[in-house]
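Just below is one structure, and these are the notes that go with it.
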Amino acid sequence: MFVKSASFVISNTDIEKCPNNNLPEYAFIGRSNVGKSSLINSISKRKGLAKTSSKPGKTQLINHYLINNKWYLVDLPGYGYANTSKTKKQIFQSFIKTYFIKRKQLINAFLLIDIRHDPQRIDINFMRWLVKNQIPISIIFTKSDKLKTHAMNKKINSYKQIMIREVWESLPPIFVTSSLKNRGGDDILNYIENLNSELG
Ligand code: GTP
Ligand code: MG
């Protein structure tokens, strides 16, 4: 799929105020700093579309980006940011969880994982929560430029093992990306295009 147009539409914490024109949408979720906003820029080939930061906790709202006037990419705040206050964590939990549970237009959640890290309990728990709520998921490993192939495959395999053991009987689609090197974005675009075409 070629991205002819990409534009920011709206930010908010209230799902009632998200766009209501019933276009399909695809959300990016994962730990703070995993590279959600960067990947939205890489996929859309628009460098400054989503705001990124080297410090965790940059994205604080639900952000809708309209692609080709046909579907949305949705950038979400990250979870697991150690310095977030308890109240902020609770607010996050309530509006993000409401988004996932209530948003009928959500076709697929992409759960991002930093490829450098060993499996993290918080990611496994969030996967389990999405599965329990029947939200279709795909996994995206980010920052693949940071590891050599062998080390990368080792991390992916250890994730696969724990996902099979604790979350799924058969694995969901898995993508490996680098926003820095613009790797893997086209596979995600093709995947989205296929899902869109199945919607008719
Ligand atoms: P929050 O909005 O805080 O939840 O973070 P986020 O998941 O949106 O992360 P963001 O895209 O802001 O990126 C966090 C940091 O990781 C930034 O310093 C990015 O430059 C860096 N980063 C993101 N993707 C990549 C990548 O593929 N490779 C490398 N080397 N760095 C990356
Ligand atoms: Mg962000």
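The values are calculated or read from the model by the stated rules, or taken from the named source; none is laboratory data. The shown structure was predicted, so the numbers you read here are calculated from the model rather than taken from an experiment. Glycine gets a Cβ as well: all are built from the backbone with ideal geometry, and neighbour counts include every protein chain shown. Surface accessibility is based on the protein's heavy atoms, side chains included, excluding ligands, DNA and RNA. Shrake-Rupley method; radii C 1.70, N 1.55, O 1.52, S 1.80 Å.
See the values below:
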{"quantity": "Test result for Ile188, assigned to a helix (DSSP H, G or I) and either under 17 Å from the mean Cα position of the chain (by Cα) or among the hydroxyl-bearing types (Ser, Thr, Tyr) (or both)", "calculated": "yes"}
{"quantity": "Region 122-159 - residue that is under 20 Å from Leu180 (Cα atoms) and of a type in the set (Ser, Thr, Tyr) and, of those, surrounded by the fewest Cβ atoms within 10 Å (Cβ to Cβ)", "calculated": "Thr149"}
{"quantity": "Within region 46-66, considering residues that are farther than 14 Å from Phe110 by Cβ and not in a loop (DSSP other than H, G, I, E, B), the one farthest from ligand 1 (Cβ to nearest atom)", "calculated": "Leu66"}
{"quantity": "Residue match in region 190-197 (condition: open to solvent by 50 Å² or more (accessible area, probe 1.4 Å), charged (D, E, K, R), within 16 Å of ligand 1 (Cβ to nearest atom) and closer than 20 Å to Asn68 by Cβ)", "calculated": "no"}
{"quantity": "Residues of region 67-82 satisfying the condition of being of a type in the set (Ser, Thr, Tyr) and over 21 Å from Leu106 (Cβ atoms)", "calculated": "Tyr81"}
{"quantity": "Count of residues meeting criterion [over 13 Å from the mean Cα position of the chain (by Cα), in a loop (DSSP other than H, G, I, E, B) and at pLDDT below 95] in region 4-44", "calculated": "5"}
{"quantity": "Some residue of region 3-24 being aromatic (Phe, Trp, Tyr), surrounded by 21 or more Cβ atoms within 10 Å (Cβ to Cβ) and out of contact with any Gly (no Cβ under 9 Å at 6 or more places or on another chain)", "calculated": "no"}
{"quantity": "Test: residue in region 109-121 that is more than 16 Å from ligand 2 (Cβ to nearest atom) and in contact with an Asp or Glu (Cβ under 8 Å, 6 or more places away or on another chain)", "calculated": "no"}
{"quantity": "Yes/no for Gln90 being exposed (fewer than 15 other Cβ atoms within 10 Å of the Cβ), under 18 Å from the mean Cα position of the chain (by Cα) and not basic (Lys, Arg)", "calculated": "no"}
{"quantity": "Whichever residue in region 13-43 is touching a residue at least 12 places away in the same chain (Cβ under 8 Å) and basic (Lys, Arg) and, among such residues, is nearest to ligand 2 (Cβ to nearest atom)", "calculated": "Lys36"}
{"quantity": "Per-region count, region 173-189, residues closer than 20 Å to Gln120 by Cα and open to solvent by 20 Å² or more (accessible area, probe 1.4 Å)", "calculated": "4"}
{"quantity": "Residue selected from region 67-90 under the condition of a type in the set (Lys, Arg) and more than 16 Å from ligand 1 (Cβ to nearest atom), by the criterion modelled with the lowest pLDDT", "calculated": "Lys86"}
{"quantity": "Top-ranked residue in region 44-72 [being among the β-branched types (Val, Ile, Thr) and in contact with a strand residue (DSSP E or B) (Cβ under 7 Å, 6 or more places away or on another chain); ranked as farthest from ligand 2 (Cβ to nearest atom)]", "calculated": "Ile67"}
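Conditions tested, residue by residue: (1) of a type outside the set (A, V, I, L, M); (2) open to solvent by 50 Å² or more (accessible area, probe 1.4 Å); (3) over 23 Å from Leu189 (Cβ atoms).
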| residue | (1), (2), (3) |
| --- | --- |
| Thr52 | yes, yes, no |
| Lys55 | yes, yes, yes |
| Leu61 | no, yes, yes |
| Asn68 | yes, no, no |
| Val74 | no, no, no |
| Gly78 | yes, no, no |
| Ser85 | yes, yes, yes |
| Tyr99 | yes, no, no |
| Lys102 | yes, yes, yes |
